[in-house]
1. Please turn the phi angles of the range 124-137 into ³J(HN,Hα) values with the Karplus equation 6.51 cos²θ - 1.76 cosθ + 1.60 (θ = phi - 60°), one per residue in order, whole Hz, x for glycine and proline.
2. Any idea how far apart Asp267 and Asn173 come out in nm if each label point goes 7 Å out from Cα toward Cβ?
3. Would you mind giving the average projected area, over all directions, of the Cα convex hull of the range 119-243 in nm² with one decimal?
4. Using just the helices of the chain, give the 222 nm mean residue ellipticity in deg cm²/dmol: DSSP H runs with n ≥ 4 each add -39,500 (n - 2.57), and the total is spread over all residues, rounded to 500.
5. I'd like the orientation of helix 207-216 relative to the chain: the angle between its Cα long axis and the longest Cα principal axis, in ° from 0 to 90, rounded to 10.
6. With +1 assigned to the C-beta of every Lys and Arg and -1 to the C-beta of every Asp and Glu, and no other charges, what is the dipole magnitude of the chain about the Cα centre in debye, to the nearest 20?
7. To the nearest 0.05, what FRET efficiency results for Asn202 and His31 with a Förster distance of 22 Å applied to their C-beta separation?
8. Mind putting a number on the dipole of the range 119-243 about its Cα centre? Charges go on the C-beta only, +1 for Lys and Arg and -1 for Asp and Glu, and I need it in Debye to the nearest 20.
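What follows draws every value from the coordinates through simple rules; no lab data is involved. Keep in mind that what you see is a predicted model, and the values were worked out from it rather than measured. Glycine also receives a Cβ, built like all others from the backbone with ideal geometry; neighbour counts cover every protein chain displayed.
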Amino acid sequence: MYLKLYDKIAKNYQKGFKLKLFAVFGNPIKHSKSPLMHNNAFMNLNIDARYIKILLEDGKKLKEVFKKLQLSGANVTVPFKENAYELADEIRGVAKEIGAINTLVLENDKLIGYNTDADGFLKAIDCFNAKEILILGAGGTSKAISTILSQNDFNITVLNRSDSRLEYFKDKNFNAKNWNELDNFEFDLVVNTTSAGLNDDNLPAPKEILEKLFKNAKFAFDCIYKETEFLKLAKKSDLKVKNGSDMLLYQGVIAFDIFTKNEFSQDKIAKYMREALENFR
């Protein structure tokens with residue numbers, strides 16, 4: 001049924017037009033600001049392209065929908081980054097080590113996968129003087145962040161509710177624990193990579209665990225780009241906090257650079273993307 005809807009979208013955007021079509025896939029996806037950023041950059045850089053958001057119900061259908069829409073490229077958000085990795089025809093860059101991708105481009109009828117989350121996150125936390133980092137969650141974003149941090153000599157621990165998704169991290173010799181196993185609460189930075197707080201007031205871990213962590217921490221970062229209950233709790237403990245807006249911006253700039261084959265400077269792309277975020281909050 002939903003493929004008929006995507007056929008209609010493709011016709012509306014592309015029939016009789018030469019413009020390229022890009023999209024972001026996710027569930028939920030209503031909150032996404034990626035179309036604002038990319039469309040503002042397309043417009044100001046005089047690129048004949050549009051960027052839309054697609055609510056996807058089944059991650060295994062991602063490639064099929066991509067082809068149905070005749071997309072030139074796409075971003076992938078929660079919870080489909082690992083599906084995208086499995087469906088891509090070729091993986092490039094750090095994404096090979098991460099096992100999750102958030103950016104797809106079409107080259108010679110093949111889907112090429114990249115991960116721009118990793119470098120986007122690294123730039124976003126540049127203002128924090130942190131060495132010991134705790135990552136909450138074990139999904140695709142956590143994989144990207146843990147990989148890039150380990151490559152840059154940070155000490156990391158991954159904390160997840162259960163053991164079911166921790167095997168990836170243990171196989172790579174990361175310190176990975178479930179909630180009941182955590183026995184060290186001394187970290188400089190605590191990062192939430194889960195969807196807790198995206199559309200609700202949930203916390204990514206039990207309150208008592210977070211309060212113990214925040215007693216010793218200096219910083220808290222949430223990959224969600226709004227003030228969540230997680231960040232509010234961190235503020236009560238006088239931590240310096242930051243939401244995911246900068247990470248969104250920087251990963252978007254890198255993705256746009258890939259979409260446009262390095263035709264424009266990243267500073268110029270960032271200018272127009274930041275403009276969109278600031279003007280359409």
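1. My calculation for the range 124-137 gives 5, 9, 4, 7, 9, 8, 10, 10, 9, 10, 10, 10, 8, x Hz in order.
2. Distance between label points: 4.0 nm.
3. Details: hull surface 27.3 nm².
Averaged projected area of the range 119-243's Cα convex hull equals 6.8 nm².
4. Working: 12 runs with 114 residues, N = 281.
Calculated mean residue ellipticity at 222 nm is -11500 deg cm²/dmol.
5. It works out to around 70 degrees.
6. The dipole magnitude comes to about 1000 debye.
7. Values: r = 15 Å, r/R0 = 0.68.
Calculated transfer efficiency: 0.90.
8. On the way: 18 positive and 19 negative charges, 38 e Å.
Here the range 119-243 has a charge dipole of around 180 debye.
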